[in-house]
Amino acid sequence: MDIFAHALWTAAVGLSVRRRLRRPIRLRWLVFWGVFPDVFSFVIPAVVRIWWYATGVTHHLLPDANSPRHFQWVWQLYYGSHSMVIFAFVFGVVWLLSKHPMLELLGWLLHILIDIPTHQGMFALHFLWPLSSFSVSGLRWENRWFFAMNYGALLLVYLMIWIKRRRPRTSPQAAHE
């Protein structure tokens, strides 16, 4: 899924869930972690490529097959940032160090769960990496019909959140009187 949809879905889930929890969720951090896998795996190589271009290492911004420097290491960033195994390890370490779960990190897990059925081909997630290269060849999120349905669903979800927030809250006692 595209990075904006990831941000919007993560925020929608965060807005809905944080009202039900006794512990607050920092929405900005939740959204950050919700887009983290794509930022980590695509922004770093883009910055490196721009640096190479600016310093004259390469004469093209886009990599080509004849380029002396290949971006094979990018796949390690992609597999690592889209791995439930790596996520679980990081989540566990943070929990151990902070003595409580950092719920905002669950945005990262949501990202992976959304991407599993919406990626295919070379971008199909190896979500059990490094233990396994198993992947599911899902739908292409770039398909026009899926893209339209996804943003249509987001519109409906945010409309429901907005309507729910506009309703006056009644106390449980007032409802029984």
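The values are calculated or read from the model by the stated rules, or taken from the named source; none is laboratory data. For clarity, every value in this text was computed on a predicted model and none was experimentally measured. FYI the Cβ positions are ideal-geometry reconstructions off the backbone, even for glycines, and counts take in every protein chain you see.
Look at LEU109 and say whether it is surrounded by 14 or more Cβ atoms within 10 Å (Cβ to Cβ), in a helix (DSSP H, G or I) and at pLDDT 95 or above. Quick ask: steps written out before the conclusion?
Values: surrounded by 14 or more Cβ atoms within 10 Å (Cβ to Cβ): yes; in a helix (DSSP H, G or I): yes; at pLDDT 95 or above: yes.
Yes: the conditions hold for LEU109.
GLY56 is checked against (1) free of Cβ contacts under 8 Å to residues at least 60 places away in the same chain; (2) closer than 27 Å to GLY80 by Cα; (3) surrounded by fewer than 15 Cβ atoms within 10 Å (Cβ to Cβ) and fails just one. What number does that condition carry?
GLY56 satisfies all of (1) free of Cβ contacts under 8 Å to residues at least 60 places away in the same chain; (2) closer than 27 Å to GLY80 by Cα; (3) surrounded by fewer than 15 Cβ atoms within 10 Å (Cβ to Cβ) except (2).
For the structure I just gave you, tell me whether ALA46 is assigned to a helix (DSSP H, G or I), free of Cβ contacts under 8 Å to residues at least 60 places away in the same chain and more than 21 Å from TRP75 (Cα to Cα).
Taking the combined requirement at face value, the residue does not satisfy it.
Is it the case that TRP129 is at pLDDT 90 or above, in a loop (DSSP other than H, G, I, E, B) and surrounded by 10 or more Cβ atoms within 10 Å (Cβ to Cβ)?
Details: at pLDDT 90 or above: yes; in a loop (DSSP other than H, G, I, E, B): yes; surrounded by 10 or more Cβ atoms within 10 Å (Cβ to Cβ): yes.
It is true that TRP129 is at pLDDT 90 or above, in a loop (DSSP other than H, G, I, E, B) and surrounded by 10 or more Cβ atoms within 10 Å (Cβ to Cβ).
Against the conditions (1) in a helix (DSSP H, G or I); (2) at pLDDT below 95; (3) over 12 Å from PRO37 (Cα atoms), where does TYR78 fall short? Just the number, please.
With respect to (1) in a helix (DSSP H, G or I); (2) at pLDDT below 95; (3) over 12 Å from PRO37 (Cα atoms), TYR78 is out only on (3).
Output the residues belonging to region 154-171 that are exposed (fewer than 14 other Cβ atoms within 10 Å of the Cβ) and either touching a residue at least 12 places away in the same chain (Cβ under 8 Å) or not hydroxyl-bearing (Ser, Thr, Tyr) (or both).
To start, the set of residues in region 154-171 that are exposed (fewer than 14 other Cβ atoms within 10 Å of the Cβ) comprises 155-156, 159-160, 162-171.
If the condition is that a residue be exposed (fewer than 14 other Cβ atoms within 10 Å of the Cβ) and either touching a residue at least 12 places away in the same chain (Cβ under 8 Å) or not hydroxyl-bearing (Ser, Thr, Tyr) (or both), then LEU155, LEU156, LEU159, MET160, TRP162, ILE163, LYS164, ARG165, ARG166, ARG167, PRO168, ARG169 are the ones that fit.
List every residue pair whose Cβ atoms sit under 6 Å apart, with the two residues 6 or more apart in sequence or on different chains, where the first one lies in region 78-105 and is more than 28 Å from PRO45 (Cα to Cα) and the second, anywhere, is assigned to a loop (DSSP other than H, G, I, E, B) and not hydroxyl-bearing (Ser, Thr, Tyr).
TRP95/PRO101; LEU103/ILE25
Would you check which residues across region 8-41 are without any contact (Cβ under 8 Å) to a residue 12 or more places away in the chain and exposed (fewer than 15 other Cβ atoms within 10 Å of the Cβ) and list them?
Initial filter on region 8-41 (without any contact (Cβ under 8 Å) to a residue 12 or more places away in the chain): 17-20, 22, 24, 28.
Once the filter is applied, which keeps residues that are without any contact (Cβ under 8 Å) to a residue 12 or more places away in the chain and exposed (fewer than 15 other Cβ atoms within 10 Å of the Cβ), region 8-41 yields VAL17, ARG19, ARG20, ARG22, PRO24, ARG28.
Working only within region 85-100, note down all residues that are surrounded by fewer than 18 Cβ atoms within 10 Å (Cβ to Cβ) and closer than 18 Å to VAL31 by Cβ. Let's see the steps before the verdict.
Start the filter on region 85-100 by keeping residues that are surrounded by fewer than 18 Cβ atoms within 10 Å (Cβ to Cβ), which leaves 85, 88-90, 92-100.
Matches in region 85-100: VAL90, VAL94.
Among the residues of region 33-52 satisfying the criterion of being of a type in the set (Val, Ile, Thr) and under 23 Å from LEU8 (Cβ atoms), which is modelled with the lowest pLDDT?
Of region 33-52, the ones of a type in the set (Val, Ile, Thr) are 35, 39, 43-44, 47-48, 50.
Subsequent filtering for residues that are under 23 Å from LEU8 (Cβ atoms) retains 35, 39, 43.
Working: VAL35: 97, VAL39: 94, VAL43: 87.
Looking at residues that are of a type in the set (Val, Ile, Thr) and under 23 Å from LEU8 (Cβ atoms), I get VAL43.
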